[in-house]
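See structure below.
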Amino acid sequence: MDDAPLVHGKARPGRDAGATEAGDDMPGPIRSGGGGGDTATGREREKVGIFFGSTSYGTADAARLILAAFGRDAADLYDVARASAADVERYRRLVFGTSTWGDGGLQHDWDTFIHELDRADLEGKVAAVFALGDQVVWSKSFVDSMRTVHDKLKERGAHLVGSWPSEGYTFDASRALDGDHFVGLALDKMNQRDLTASRVEEWVSRLRREFGME
Ligand SMILES: Cc1cc2nc3c(=O)[nH]c(=O)nc-3n(C[C@H](O)[C@H](O)[C@H](O)COP(=O)(O)O)c2cc1C
């Protein structure tokens, strides 16, 4: 029986990366690919590493949906508050999620983790981004944080996939737009909560193809 934690990474004082708004209702633990070492096993390289930063659990819950959509044997989940460049480098396929704070800024734990990415060699890796935001209250900076993460990954040499149509959202401006597509999946739990699950399902099914998993 595999007793690996659902969310991987080293514990930091005062943080419980495993918590979600709904509680940990995922059925049992996922298999860990690496057991905390810095060297990728062949199995880990083939899995998807999902990294998220979340303040009020929205992005954490979305990350768990993404994990479930890939299948818990096919992906590992990390809270960026506990993750390092070495964790990222274990995976060839990567997904990164942040929520949006301030006026288009990154989620708090990303302020540190973005510098971990500066130490990571992402050449030859394929990556996708998702972000949570609020298109009504923060209509002029909707999911701007997704652009910051996307551009950092690109700068570090990753090949970015996973763009998502902006149709179905109403907002004034977003730095995360390229024409009529977001650079990754935009989610809005405040105003479109009931669309989150279907958006994640569709996005992950596209990612499977773009990641060369089918
Ligand atoms: C103070 C504050 C600032 C925010 N700024 C933005 C913003 O600039 N753009 C945006 O799209 N959403 C913004 N939001 C909305 C959050 O990103 C949204 O509530 C998100 O679901 C939080 O995700 P989390 O629970 O994973 O942290 C803001 C929310 C708060 C409370």
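Here, each number is a calculation from the coordinates, and none is a lab measurement. All values derive from a computational prediction rather than experimental measurement. Cβ coordinates were reconstructed from backbone atoms using ideal geometry, including for glycine residues, and neighbour counts include every protein chain displayed.
If you go through segment 116-148 and pick out every residue that is more than 16 Å from the ligand (Cβ to nearest atom), among the charged types (D, E, K, R) and either under 21 Å from Ala63 (Cα atoms) or assigned to a loop (DSSP other than H, G, I, E, B) (or both), you end up with 5. When Ala62, Ala68, Ala85 are checked against the criterion of being closer than 18 Å to Leu185 by Cβ, surrounded by fewer than 21 Cβ atoms within 10 Å (Cβ to Cβ) and not hydroxyl-bearing (Ser, Thr, Tyr), a single residue qualifies: Ala68.
Among the residues of segment 81-103, the one identified as in a strand (DSSP E or B) and among the charged types (D, E, K, R) is Arg93. Of the residues making up segment 149-161, those that are away from the ligand (no atom under 16 Å from the Cβ) and without any contact (Cβ under 8 Å) to a residue 60 or more places away in the chain are Asp151, Lys152, Leu153, Lys154, Glu155, Arg156, Gly157, His159, Leu160, Val161. The single condition from (1) under 30 Å from Arg43 (Cα atoms); (2) part of a loop (DSSP other than H, G, I, E, B); (3) of a type in the set (Val, Ile, Thr) that Thr170 fails is (1). In segment 162-171, the count of residues that are away from the ligand (no atom under 11 Å from the Cβ), among the aromatic types (Phe, Trp, Tyr) and free of Cβ contacts under 8 Å to residues at least 40 places away in the same chain is one or more.
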